[in-house]
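The values are calculated or read from the model by the stated rules, or taken from the named source; none is laboratory data. Worth saying up front: this structure is predicted, and the values here are computed from it rather than measured. Virtual Cβ from ideal backbone geometry, glycine too; neighbours counted across all protein chains shown.
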């Protein structure tokens with residue numbers, strides 16, 4: 001790959017002038033052999049041939065186990081980074097529970113994690129009952145610990161911690177339930193994310209004593225981790241990036257990060273290819289802008305091309321794979337599925353997309369349980385209905401405790417989703433967007449997306465006047481996100497003479513009610529006379545033919 005083609009590739013994410021300038025600073029690592037067997041090559045232009053598979057468009061709902069050793073502390077997100085930030089909440093908790101991070105680092109938390117009560121078959125049977133059509137399992141996080149039988153990363157769950165092949169167990173359970181299986185991969189950023197482990201306290205009795213981020217293999221003699229090199233986990237034998245000591249996270253490789261060597265990029269590539277080949281997931285989620293290590297390496301491009309080509313080889317030439325990326329430009333949204341973290345688009349997207357969100361924190365946090373702070377089943381279902389109306393899917397994380405279980409509050413929420421799906425699932429699965437995604441006050445007060453998403457819960461709360469639409473063949477589903485108090489539902493978008501629905505309305509049913517409803521179509525809208533509300537629900541799907 002020559003200089004001109006590198007600049008062309010960089011220009012797809014940054015302006016051309018900056019792309020040319022970037023070469024001298026970043027020295028991108030592109031593999032000399034970019035040929036990949038199959039239809040797709042590791043270039044953005046080639047990946048634009050991608051089309052999201054129909055099964056994914058039909059599926060609409062997946063559940064995620066964002067579970068790894070950072071859940072052992074049960075103290076929330078990014079524990080392996082925060083425990084090295086002096087004075088932070090995670091640091092204080094860590095010192096109290098485990099000891100000072102110069103003596104008890106995250107590698108030692110891994111040793112405490114046993115996943116002793118993990119029962120993947122039982123959990124996935126529950127998730128299947130709740131309507132999940134696919135299941136995503138964390139394969140590694142920014143903590144760089146592989147949760148599968150990895151020959152390229154000694155720090156993995158088959159050798160240390162639980163000493164179990166967690167991805168293998170999840171994959172087997174998903175197959176048993178007939179669910180599509182996916183993996184999420186976050187480890188490309190360990191290089192910069194773990195830089196807090198290079199620090200030391202600035203105050204107190206251990207001021208100046210380094211944390212264990214720079215520890216080398218020789219220091220392990222006589223310890224439980226003898227024979228393992230902490231640098232294979234922490235990857236911190238390098239200078240800090242710009243602003244690192246001030247707490248800045250270098251998320252974009254072109255904005256001040258100390259660029260990793262080719263060996264780091266290729267190790268990530270080899271780990272990920274082994275993961276995809278060994279467990280053959282249909283979905284892979286990358287917690288990265290565009291693709292991993294872009295634009296300093298083409299490792300992510302090679303992984304995506306490999307994922308698509310092997311999927312086609314396994315399925316008789318049919319592409320069944322889904323690759324997710326965040327913060328994508330218009331070209332990149334044609335190459336993979338756009339994922340919006342904790343947020344929703346405000347329009348019907350022309351291409352399938354996904355929002356991912358969580359009942360609580362991504363990593364299990366006992367404090368949320370104690371405060372009854374989880375999202376309700378109603379909030380989850382309302383989010384799903386809204387996302388589906390805009391051509392999207394919802395991936396819901398149900399936090400898993402360190403021992404491998406979910407708590408009773410989470411279980412009750414999942415059961416609540418299951419109950420709603422049992423009656424109303426036909427208004428979700430296999431549908432496509434209508435001409436409008438909805439009507440009502442909430443859509444008039446939406447919050448814009450910020451970076452990779454994060455507009456969740458910032459708009460006006462849903463109510464009975466908020467209606468979302470979806471279609472399946474000749475049927476239109478109109479789902480009200482509350483129960484009108486006057487005994488009538490007015491759907492303004494279906495008014496007489498509406499260009500959106502010029503055909504006659506012959507029948508209106510409330511799913512789960514069993515009898516057709518009386519209705520009148522006027523210039524104000526389609527007015528539906530509601531039955532007496534027998535049981536409380538969290539959203540009401542009307543089938544219009």
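Values computed for the structure shown
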| item | result |
| --- | --- |
| Candidates 385, 340, filtered to the one that is outside any helix (DSSP H, G or I), touching a strand residue (DSSP E or B) at 6+ places or on another chain (Cβ under 9 Å) and touching a residue at least 12 places away in the same chain (Cβ under 8 Å) | 340 |
| Filter result (assigned to a loop (DSSP other than H, G, I, E, B) and out of contact with any strand residue (DSSP E or B) (no Cβ under 6 Å at 6 or more places or on another chain)) within the range 279-290 | 280 |
| The range 121-139 - residue that is under 27 Å from residue 324 (Cα atoms) and free of Cβ contacts under 8 Å to residues at least 60 places away in the same chain and, of those, surrounded by the most Cβ atoms within 10 Å (Cβ to Cβ) | 124 |
| Long-range neighbours under 7 Å by Cβ, at least six apart or interchain, first residue free of Cβ contacts under 8 Å to residues at least 40 places away in the same chain within the range 402-427, second crowded, with 16+ Cβ neighbours inside 10 Å | 407/369; 407/401 |
| Residue under evaluation residue 412, criteria (1) surrounded by fewer than 21 Cβ atoms within 10 Å (Cβ to Cβ); (2) under 23 Å from residue 73 (Cβ atoms), criterion not met | (2) |
| Positions within the range 486-526 being in a loop (DSSP other than H, G, I, E, B), touching a residue at least 24 places away in the same chain (Cβ under 8 Å), touching a helix residue (DSSP H, G or I) at 6+ places or on another chain (Cβ under 9 Å) and under 20 Å from residue 436 (Cα atoms), in sequence order | 500, 501, 505, 524, 525 |
| Filtered residues of the range 423-447 (kept if over 24 Å from the mean Cα position of the chain (by Cα) and either crowded, with 22+ Cβ neighbours inside 10 Å or within 21 Å of residue 121 (Cα to Cα) (or both)) | 424, 438 |
| Extreme residue, farthest from residue 185 (Cα to Cα), among residues of the range 307-331 that are buried (at least 21 other Cβ atoms within 10 Å of the Cβ) and more than 17 Å from the chain's Cα centre (by Cα) | 311 |
| Residues that are under 22 Å from the mean Cα position of the chain (by Cα), assigned to a loop (DSSP other than H, G, I, E, B) and within 30 Å of residue 161 (Cβ to Cβ), drawn from the range 39-93 | 66, 67, 68, 72, 73, 74, 76, 77, 78 |
| Candidates 206, 233, 166 - the one that is touching a helix residue (DSSP H, G or I) at 6+ places or on another chain (Cβ under 7 Å) and either surrounded by 19 or more Cβ atoms within 10 Å (Cβ to Cβ) or touching a residue at least 12 places away in the same chain (Cβ under 8 Å) (or both) | 233 |
| Residue among 345, 361 that alone is part of a loop (DSSP other than H, G, I, E, B), surrounded by 18 or more Cβ atoms within 10 Å (Cβ to Cβ) and at pLDDT 95 or above | 361 |
| Any chance residue 241 is in a strand (DSSP E or B) and either modelled with pLDDT of 95 or more or touching a helix residue (DSSP H, G or I) at 6+ places or on another chain (Cβ under 9 Å) (or both) | no |
| Positions within the range 291-305 being outside any helix (DSSP H, G or I) and buried (at least 24 other Cβ atoms within 10 Å of the Cβ), in sequence order | 291, 292, 293, 294, 295, 297, 298 |
| Number of the condition not met by residue 256 [criteria: (1) closer than 24 Å to residue 233 by Cβ; (2) in contact (Cβ under 8 Å) with a residue 24 or more places away in the chain] | (2) |
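Conditions (1) more than 25 Å from residue 216 (Cβ to Cβ); (2) crowded, with 24+ Cβ neighbours inside 10 Å, marked per residue:
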residue	(1), (2)
67	yes, yes
89	yes, no
115	yes, yes
141	no, yes
